[in-house]
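The values are calculated or read from the model by the stated rules, or taken from the named source; none is laboratory data. Remember, it's a predicted structure, so these values are computed and weren't measured experimentally. Because the Cβ atoms are built from the backbone with ideal geometry, glycine has one as well, and the counts that use them run over all protein chains shown.
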Amino acid sequence: MSAPRVVVLPEHIANKIAAGEVIQRPASVVKELLENSLDAGATSVLVVVKDGGKKLIQVTDDGSGMDEQDAVASFLRHATSKIVTYEDLEAIRTFGFRGEALASVAAVAQVTMKTRRREDDAAVVVAIDGGQEPSITREGREPGTTIIVRNLFYNVPARRKFLKSDSTEFRHIFDAVHHVAVSKPDVGIHFISDDDTVFNLKPAPLPERLIDVFGERQWEGMIPVEESNEFMRIHGYIGKPSFGQRTRQSQYLFLNGRTIVNRNINHAVYSAYEHLLEKGTFPFFLLFLELDPHKVDVNVHPSKMEAKFEDEQGVYRILAGVTRRSLTETDAFPAATIQQTGIEPGTVGLRFTDRQHRWTPNREEAGWTFPDRTRVDTRTGEILPFVQPSGTDGAAVASRLFGDADTSAMHGMGDAAAGVPREMLPHDASRPEAGSTALIWQLHNKYILSQIKNGVMIVDQHVAHERVLYERALDRFQRSTQTTQQLLFPYTLQLSAADYALMAELIPHFELLGFGVKLFGKNTVVIEGVPPDIRIGNEEGIVQEVMALYKEYQQESPLNVRDNLAKSYSCKSAIKAGDVLSEQEMRSLIDQLFATKMPYVCPHGRPIVLRISLEELDRRFGRTS
């Protein structure tokens, strides 16, 4: 009889294999131990690591502690105090619940636990070396638990050699501790690495904790988010568009207090920032989602980092709508502070740094709407059409900037010719009177400077007009209306075969923009009319310029045909840096900018407006009154 080919693995080997699912690196140990401390009701936690956690990880808390029986049992696989019946698994409210963490750590390291309940006279000390039988002693210590992990993966050399440098492993540990620090502001966190204090955070309200963790400057760039209905509650902060990040690391998502990763939820937040961020940047967000545990499954990944929602689309819609609303309710114009640089005596040298001011008006009074004209039903979480209040979005912002007396002639977006610079108007159109009485100047034929009630506002004329034309183009697409300026002498364009085929597809969209385009012969099109926004003298080349830029956008986002065309058209049709504007033209452009739904940034995410407050100028000139 041949030897059996299928055998049951010895327990010590099975434990090491299981440990690979839960303990991937030192940061995994820190995360699991921190979660155990929080589950034990700790109000203060000390984390100590050495050599990126490879040599030492120590987590000490002032939680409830354990007696000897529970302390020993906690190192057994699948031993947990959180789950008794299957129904408990469907309503998990704790961080740990599988009973795998301590068993996995003890299988691949030298572990010592010291734990004491408040009613006990001494602490239980349990020491386990690489999954061997535990030794049990007692010693004196304060109530709570300390777990010491030495020489991680010392008995699994194949795993240990794949660990990264100490600095890399430290960054992962820092990220794990950092997430706990922002999600549990009521818990004191003291973090020491290689005998140096990384941070020592006292219990505090969430805003104070965020200032301690992120600093004043980033705090000033945060927008509060709050929504509560029968389905779920959302609260936390998102970043202003001007605080876009180069990586996704500054994104924090917590579900019932647990750190999770969910691409669908991340995309819901991203969708609200569409066109508000520069290419290659990502929004900051720190959001807490509170949901009935029966409507979510957190048992879908060994490290408990992922979660699935019963109604994924419902969560998506609510979060996207709430994020949009929060963005539109906040003054997102960056304000500049002036700092002296290290310069030689007798010279003047100043540099500008972005700083954000928080202003959260009552949206019913200010007339704000969601960018997509939707709202959230706070009872059901359903996204509903938004009923436009009286006034325009931009008028409310302009009123805050200029004062009520300066916004009497805000122009709507319905008139395609309203307030466009002279060379961009139809041949028979006339310019309207400017609406603002504030002082205004053009700087280097590039920027518009205007006095506002609390300082000075600087507008980039190109991107301001780009935003106006972009929203006007989207409005034409939505309304399926067109206004075309017929050319006295139509002109022909000879295109490549590929561009000719592309134009054949885009003609209906070009016509809605206001172009009169006809296919004529092989690879030839005839341009008979252009939108009234097109500058006189630029009619012949505009179609080719728009198509060239459209093809670039289409490579990045092939499904957004109309949006890509609107961005291409607005960029190529807008006034340029170097164009001289009259005073009336500048005033009219600013009026139109503040009549848009999103006057903060251009369609590509570049800022449009910068403010310098009177207080900042007074401070730099040493004025006290």
Q: Keeping to the range 154-186, report how many residues are under 21 Å from the mean Cα position of the chain (by Cα) and touching a residue at least 40 places away in the same chain (Cβ under 8 Å).
A: 9
Q: Would you tally the residues in the range 608-625 being among the hydrophobic types (A, V, I, L, M, F, W, C), in a loop (DSSP other than H, G, I, E, B) and surrounded by fewer than 23 Cβ atoms within 10 Å (Cβ to Cβ)?
A: 1
Q: Inspect all residues belonging to the range 582-599 and state whether any of them is buried (at least 24 other Cβ atoms within 10 Å of the Cβ), among the hydroxyl-bearing types (Ser, Thr, Tyr) and in the same structural domain as residue 443 (by TED's automatic domain parsing).
A: yes
Q. Given 197, 281, which one is in contact (Cβ under 8 Å) with a residue 12 or more places away in the chain, surrounded by fewer than 19 Cβ atoms within 10 Å (Cβ to Cβ) and out of contact with any helix residue (DSSP H, G or I) (no Cβ under 8 Å at 6 or more places or on another chain)?
A. 281
Q: Answer yes or no: is there a residue in the range 131-154 that is among the acidic types (Asp, Glu) and either in the same structural domain as residue 257 (by TED's automatic domain parsing) or under 30 Å from residue 255 (Cα atoms) (or both).
A: no
Q: Tell me which residues, restricted to the range 142-162, are crowded, with 16+ Cβ neighbours inside 10 Å and over 21 Å from residue 125 (Cβ atoms).
A: 153, 155, 156, 159
Q) Any chance the range 130-144 includes a residue that's in contact with a strand residue (DSSP E or B) (Cβ under 9 Å, 6 or more places away or on another chain) and closer than 19 Å to residue 54 by Cβ? A) yes
Q. What's the number of the condition residue 208 fails, among (1) assigned by TED's automatic domain parsing to the domain that holds residue 311; (2) surrounded by 14 or more Cβ atoms within 10 Å (Cβ to Cβ); (3) among the charged types (D, E, K, R)?
A. (1)
